[in-house]
C-alpha cells in the first residue's frame with residue numbers, strides 16, 4: 001500500500017531518536033557515549049562471551065547517571081542459570097534503573113544453562129519479575145547464516161505472539177545491511193504477517209570499507225556486502241563510507257509505503273562512537 005502524498009522525511013528527521021550499540025567492556029567507551037550522544041539516547045550494551053555479565057551493571061549505571069538510556073543485551077545461550085538471570089536483571093533494575101533489554105540467542109553451539117533461545121528467556125519471566133517491562137528482539141533482513149529462513153521467521157512470530165498474550169512491550173532491532181532493498185522487503189513481509197511492533201533499522205556508522213567488510217563477514221551480513229566491496233580498486237578499501245544514501249532510501253520507502261513501523265535507526269559504531277556521533281550531528285545541521 002502506498003501514499004504518494006506523504007512527505008519524505010529529511011536526513012535530519014531520520015537522525016532524530018537514533019539508538020547506538022556499544023561494547024561496555026572499556027570504561028572509556030561508556031564515558032564517550034555519555035560525552036557525545038544526545039540526552040535520552042538508547043545505548044545498547046553488547047553481551048561479551050567470556051566476560052562476567054555483572055560488569056555491565058556499573059556501566060549501565062554510568063550511562064543512566066549521565067542522562068542516557070541503557071539497554072543491555074541478554075545472550076540467552078550464555079546464561080548459566082535462572083538464578084543468574086534473575087540476579088542480573090534485579091541488579092540492572094535496582095542499581096541502574098534498567099527497564100528494557102535486548103535478548104539475543106548468543107553465538108554458542110551448546111547453551112551454558114537452561115536457555116537455548118530468546119523465547120525461552122522470555123517465557124521464563126525471570127526478567128519481567130525483576131523490573132524489565134520492555135524487551136527488544138533481533139531481526140535479520142538478510143537472514144542468518146546459521147539459521148534457516150523458515151526457522152527464523154517462526155521464531156520471530158512466536159516471540160511476537162508471546163508478547164501479545166502477556167502484554168509485554170516489544171520492539172525489533174535489526175542486523176546492519178549495506179543495501180536498503182532487503183530491509184524494505186523484510187519490513188513488508190512483517191506487515192503482511194500482521195507483525196506491527198516498532199523496528200529499529202540497523203546501520204553501520206562511518207568507517208573504512210576495510211573495517212566494515214571485516215565486521216560484516218564476522219557478523220554474517222548477507223548479499224548486501226557486495227554493495228560495499230564491489231569494484232577492483234585496492235585504494236577504495238581505504239576510503240570511508242557513511243550511511244547517508246541508505247538513510248535517504250529508507251526515508252523514501254517510509255514516505256511511499258504504509259505501516260512499515262520504522263521507529264528509528266540503530267547504529268553499529270565500528271569506526272568509533274565519537275566519529276558516528278559527530279557525523280550524526282553534522283548531518284542534522286547540514
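The values are calculated or read from the model by the stated rules, or taken from the named source; none is laboratory data. Just so it is clear, the model here is predicted, and its values are computed rather than measured. Positions of Cβ are backbone-derived with ideal geometry, glycine not excepted, and every protein chain shown enters the neighbour counts.
Values computed for the structure shown
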| read-out | value |
| --- | --- |
| Subset of the stretch 244-286 [closer than 21 Å to residue 188 by Cβ, part of a loop (DSSP other than H, G, I, E, B) and either in contact with a strand residue (DSSP E or B) (Cβ under 6 Å, 6 or more places away or on another chain) or modelled with pLDDT of 95 or more (or both)] | 260, 261 |
| Residue identified as surrounded by fewer than 13 Cβ atoms within 10 Å (Cβ to Cβ) and at pLDDT 95 or above among 200, 165 | 165 |
| Number of positions in the stretch 40-57 that are under 18 Å from the mean Cα position of the chain (by Cα) and either in a loop (DSSP other than H, G, I, E, B) or over 19 Å from residue 277 (Cα atoms) (or both) | 7 |
| Wholly within the stretch 113-215, strands (runs of 3 or more DSSP E) carrying at least 1 residues that are over 15 Å from the mean Cα position of the chain (by Cα) and farther than 19 Å from residue 75 by Cβ | 169-174 |
| Whichever residue in the stretch 85-112 is under 21 Å from the mean Cα position of the chain (by Cα) and in a loop (DSSP other than H, G, I, E, B) and, among such residues, is nearest to residue 170 (Cα to Cα) | 99 |
| Test set (1) in contact (Cβ under 8 Å) with a residue 24 or more places away in the chain; (2) loosely packed, with under 15 Cβ neighbours inside 10 Å; (3) over 19 Å from residue 196 (Cβ atoms) - residue 79 fails condition number | (2) |
| Condition broken by residue 60, with the remaining ones in (1) touching a residue at least 40 places away in the same chain (Cβ under 8 Å); (2) within 27 Å of residue 129 (Cα to Cα); (3) assigned to a helix (DSSP H, G or I) satisfied | (1) |
| All positions within the stretch 248-261 that are surrounded by 16 or more Cβ atoms within 10 Å (Cβ to Cβ) and touching a helix residue (DSSP H, G or I) at 6+ places or on another chain (Cβ under 6 Å) | 251, 253, 260 |
| Residue that is surrounded by fewer than 22 Cβ atoms within 10 Å (Cβ to Cβ), on the phi > 0 side of the Ramachandran plot and in contact (Cβ under 8 Å) with a residue 12 or more places away in the chain, where the choices are 113, 106 | 106 |
| Total residues in the stretch 1-29, condition in a helix (DSSP H, G or I), surrounded by 15 or more Cβ atoms within 10 Å (Cβ to Cβ) and at pLDDT below 90 | 1 |
